[in-house]
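Since the structure comes first, as structure tokens, the remarks are kept for the end.
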Amino acid sequence: MPAWLHRTNKTVLRSIASADLPEAIANYIEEPDLSAVVGQPARYWIVAGDTVSLADQATRDAIDTAALSAVRDVLADEIDTVETFSRAFALVVLDEFNARTSKINSILAAIAGANNLNSLKSAAALITDLPIYSPAQLKAVVRLKADS
């Protein structure tokens, strides 16, 4: 029995009678010559008529760029999904980034407002330290964010 290549999704069905194909026979190439695409992912295959060829490098790069963009979109959308680790962790990182930005702004304000070294030291002494997290504390904070 022959092998068949689906023209659209590029799946290969081996040793199947034409009567057993899941779709109309017109959607398949019987005994396709895949020598031009050996070792290449099916996403790079171009089917034209009954010929299967490999996309050129520019087209393969465009396919990879589109796939990477789609993955990044999924990751970005996951931030809005409730109770995911990625979302919770992103919120913790954002809080930490904002805390550090606030601290830097306080330091810059103290420098800008200082008339002399003693006034700078006094202003800097009022700036609170940021916490240092242990792995257990980080897990606890991420858990709290997952609940929010």
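The values are calculated or read from the model by the stated rules, or taken from the named source; none is laboratory data. Since this is a predicted model, take the numbers as computed values, not measurements. Counting neighbours? That spans all protein chains shown, and the Cβs are built from the backbone with ideal geometry, glycine included.
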request  = List every residue pair whose Cβ atoms sit under 7 Å apart, with the two residues 6 or more apart in sequence or on different chains, where the first one lies in region 43-71 and is at negative phi and the second, anywhere, is among the hydroxyl-bearing types (Ser, Thr, Tyr).
outcome  = Ile46/Ser53; Leu54/Tyr44; Ala55/Tyr44; Arg60/Tyr44; Ile63/Tyr44
remark   = Going through region 98-138 in order, the residues found to be of a type in the set (Lys, Arg) and surrounded by 12 or more Cβ atoms within 10 Å (Cβ to Cβ) are Lys103
message = Going through Ala62, Ala19, Ala66, Ala26 one at a time, which residue ends up being farther than 30 Å from Ala140 by Cβ, assigned to a helix (DSSP H, G or I), modelled with pLDDT under 95 and outside the structural domain of Ala140 (by TED's automatic domain parsing)?
response = Ala19
key: Tally, over region 101-124, of residues that are touching a helix residue (DSSP H, G or I) at 6+ places or on another chain (Cβ under 9 Å) and among the aliphatic types (A, V, I, L, M)   = 8
query = Considering only residues of region 29-55 that are more than 14 Å from Val12 (Cα to Cα) and part of a helix (DSSP H, G or I), which is nearest to the chain's Cα centre (by Cα)?
reply = Tyr44
query = Taking the stated definitions as given, is Asp73 more than 30 Å from Arg14 (Cβ to Cβ) and surrounded by 10 or more Cβ atoms within 10 Å (Cβ to Cβ)?
reply = yes
task = Residue by residue through region 139-148, note down the ones that are exposed (fewer than 13 other Cβ atoms within 10 Å of the Cβ) and hydrophobic (A, V, I, L, M, F, W, C).
result = Ala140, Leu144
message = Show the residue pairs meeting these rules: Cβ distance below 7 Å; 6+ apart or different chains; first residue within region 88-104 and under 12 Å from Leu130 (Cα atoms); second residue of a type in the set (A, V, I, L, M).
response = Ala99/Leu130; Arg100/Leu130; Lys103/Ile127; Lys103/Leu130
Candidates Ala110, Ala99, Ala88 - the one that is more than 30 Å from Arg43 (Cβ to Cβ) and modelled with pLDDT under 85 = Ala88
